[in-house]
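Engineer: Mind looking over this structure? Questions follow.
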Amino acid sequence: MTDAPLLEVDDLRKRFGGITAVDGASFSLERGTITGLIGPNGAGKTTTFDLISGFYRPDGGTIRFEGRDIQKIMRPTAGEKGIWSSASASGFGLLGASAGRVLYGVSPAVLGGAAALGAGAGVGIYFGQAAVNNRRSGFKHSRPFRLARAGMVRTFQITRELEEMTVLENLLLAPQHQDGENLFNALFRRGTVADDEAAIREDAAEVIDLLDLDHLRDERAGNLSGGQRKLLELGRVLMLEPDLVLLDEPVAGVNPALTDRIMDAIASMRDEGYGFCIVEHDMEVIMNLSDRIVVMSEGKKLSEGSPTDIQQDEAVLEAYLGG
């Protein structure tokens, strides 16, 4: 853990053709706080959200999560490069062996040399392509799953639960690096796998209790209402134990009773140290839930402050609230 803000957005820029969607936006998020990101339609908040979560590649500026540039977080690891270069080597090696057999007969020495030459060519081509890509102007890696593994998790306005699985099964599937995912453990360390599964079930039971989903524990996710699915998605976030949660319209289309439950769950998670960034059109929810609010207009940050400050800001009232 560093002393840096949980998330830093610095001079962020994004263009789509001739349209500038985000134009130099800068702000930061602190640990254990809820930051609301609002603005009128076309303000650039959704694009900013997509940039933060790694779904779009920025044209300029930087985004740092826990002090690390998210573009570096999303780059392939040494292990992944090894796998890909090995695959390239194997493929070109087989191609070289085949060529050697067809052109020069079946001499083992010739086949071996052709295979080695092909493998070397495969590795060279792989790393050469990577080097060219990394030097290309504007080239960025965009692999949001790496951000999730690093502790930044996003939800979506349209929930993405596994409909054929029960509420409990959706929660049990969420944690990363489960012992049972390893074939060796599944075959030879069954006790370790069983202990890990028991701990995950215990965590899932606590999440179900927190979100008041006990009566839906064995219900298929596809049968849940929209609000219940939002709660389930929050539950899956909890199972991941992230540092930062990005929420896209968490109460859109949800009835008032479930809206209150979702807000209570978010506030409880904030009190436990989770950081939140929320895009939401319901101003009552934003004002009651946020510790700080960032207001965007025409791709730029228009204002930033507490809910009280934002409600009294004349520029915000003119651009967003119609004052």
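Engineer: Picking from Glu219, Glu249, Glu233, Glu206, which residue would you name as being assigned by TED's automatic domain parsing to the domain that holds Leu37 and not aliphatic (A, V, I, L, M)?
Structural biologist: Result: Glu249 is the single residue among Glu219, Glu249, Glu233, Glu206 that is assigned by TED's automatic domain parsing to the domain that holds Leu37 and not aliphatic (A, V, I, L, M).
Engineer: Still on this structure, I have one more. Restricting attention to the range 193-211, report how many residues are surrounded by 14 or more Cβ atoms within 10 Å (Cβ to Cβ) and in contact (Cβ under 8 Å) with a residue 12 or more places away in the chain.
Structural biologist: Of the residues in the range 193-211, 10 are surrounded by 14 or more Cβ atoms within 10 Å (Cβ to Cβ) and in contact (Cβ under 8 Å) with a residue 12 or more places away in the chain.
Engineer: Give Arg270, Arg261 a once-over and let me know the one that is assigned to a helix (DSSP H, G or I), basic (Lys, Arg), assigned by TED's automatic domain parsing to the domain that holds Arg31 and over 20 Å from the mean Cα position of the chain (by Cα).
Structural biologist: One residue alone meets the criteria, Arg261.
Engineer: From the residues in the range 267-300 that are modelled with pLDDT under 95 and basic (Lys, Arg), which one is farthest from Ala148 (Cα to Cα)?
Structural biologist: Here the answer is Lys300.
Engineer: Additional query: Residue check: is Phe145 more than 25 Å from His281 (Cα to Cα) and modelled with pLDDT under 80?
Structural biologist: So Phe145 does not fit the description; no.
Let's see how each residue does on (1) buried (at least 18 other Cβ atoms within 10 Å of the Cβ); (2) of a type in the set (A, V, I, L, M); (3) modelled with pLDDT of 90 or more:
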| site | (1), (2), (3) |
| --- | --- |
| Phe16 | no, no, yes |
| Ile34 | yes, yes, yes |
| Leu51 | yes, yes, yes |
| Ile83 | no, yes, no |
| Leu95 | no, yes, no |
| Arg101 | no, no, no |
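The values are calculated or read from the model by the stated rules, or taken from the named source; none is laboratory data. Keep in mind that this is a model prediction, so the values were computed, not measured. Don't worry about glycine lacking a Cβ; one is built from the backbone with ideal geometry, like all the others, and counts go over all protein chains shown.
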